[in-house]
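The values are calculated or read from the model by the stated rules, or taken from the named source; none is laboratory data. Bear in mind the structure is a predicted one, so any value in this text is a computation, not a measurement. Glycine also receives a Cβ, built like all others from the backbone with ideal geometry; neighbour counts cover every protein chain displayed. Areas reflect the complete protein model, heavy atoms only, side chains present, ligands, DNA and RNA absent. Shrake-Rupley method; radii C 1.70, N 1.55, O 1.52, S 1.80 Å.
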Amino acid sequence: MTSSPPLCRLDDIPDGGAIAVHVDSASGGFELIVLREGDRAVAYHNECPHAGRRLDYAPGRFLVRDGRIICAAHGATFRCADGLCVGGPCMGSSLAAVAVRVDGGEVRSR
Ligand code: FES
């Protein structure tokens, strides 16, 4: 079985924080937000459901606090655990999740 290359190392992500990871593809690739909580990681496309903007306030820098990530554009607030918007202009919508796993200290897509 061929496995895809790791997205990043778990240690690359501050515990309770997030980083941006670019994923190459035939169409030029896309960017993910990879969040860490202890030994676990979750990932979402770096595209806000409100107006399609990136969530980071500077490249790869995200506002993450108390288990929530805040879009820097207009303040939509999403639960890190499941990507649900719980406050702001797109309440009830969700970030697009990408299934990942942690294996040997590396974060990989499933
Ligand atoms: S684009 Fe994210 S809150 Fe508007």
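Taking the mean number of other Cβ atoms within 10 Å as a proxy for protection, how do you rank 99-105, 24-30, 58-64, 68-74 from highest to lowest?
On the way: 99-105: 12.7, 24-30: 8.4, 58-64: 14.6, 68-74: 18.4.
Highest mean packing first, the order is 68-74, 58-64, 99-105, 24-30.
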Express the accessible area of region 27-78 per residue in Å², computed with a 1.4 Å probe while the remaining protein chains stay in the model.
-> 54 Å²
With x for Gly and Pro, the residue-by-residue ³J(HN,Hα) of region 8-20, computed from phi through the Karplus equation 6.51 cos²θ - 1.76 cosθ + 1.60 at θ = phi - 60° and given in whole Hz, is 5, 8, 4, 5, 6, 9, x, 4, x, x, 8, 10, 9
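Pop out the Kirkwood hydrodynamic radius of region 1-49 from its pairwise C-alpha distances, inverse of mean 1/r, in Å to one decimal. Display every interim value, and only then the final one.
Details: mean 1/r = 0.0852 Å⁻¹.
After inverting the mean inverse Cα-Cα distance, the result is 11.7 Å.
Hey, got the dipole for the chain? About the Cα centre, +1 on K and R Cβ, -1 on D and E Cβ, debye to the nearest 20? Write out the running numbers ahead of the final one.
Details: 12 positive and 13 negative charges, 47 e Å.
My answer is approximately 220 debye.
Across all directions of projection, what mean area in square nanometres is found for the Cα convex hull of the chain? List each step's numbers first, then the result.
On the way: hull surface 27.9 nm².
Quarter of the Cα hull surface area: 7.0 nm².
Of the heavy-atom accessible surface of the chain (probe 1.4 angstrom), what whole percent is carbon and sulfur? Let's see the in-between values first.
Numbers: 2990 of 6200 Å².
Result for the chain: 48 percent of the exposed heavy-atom area is carbon or sulfur.
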Per-residue HN-Hα couplings for region 24-38 [Karplus 6.51, -1.76, 1.60; θ = phi - 60°; Hz; x = Gly/Pro] | 6, 8, 4, 9, x, x, 8, 10, 10, 9, 10, 10, 10, 9, x
Which distance in Å, rounded to a whole number, links the C-alpha centroids of region 47-88 and region 26-43?
-> 14 Å
Burial ranking of peptide ranges 91-97, 75-81 (average Cβ count within 10 Å, highest at the top) | 75-81, 91-97
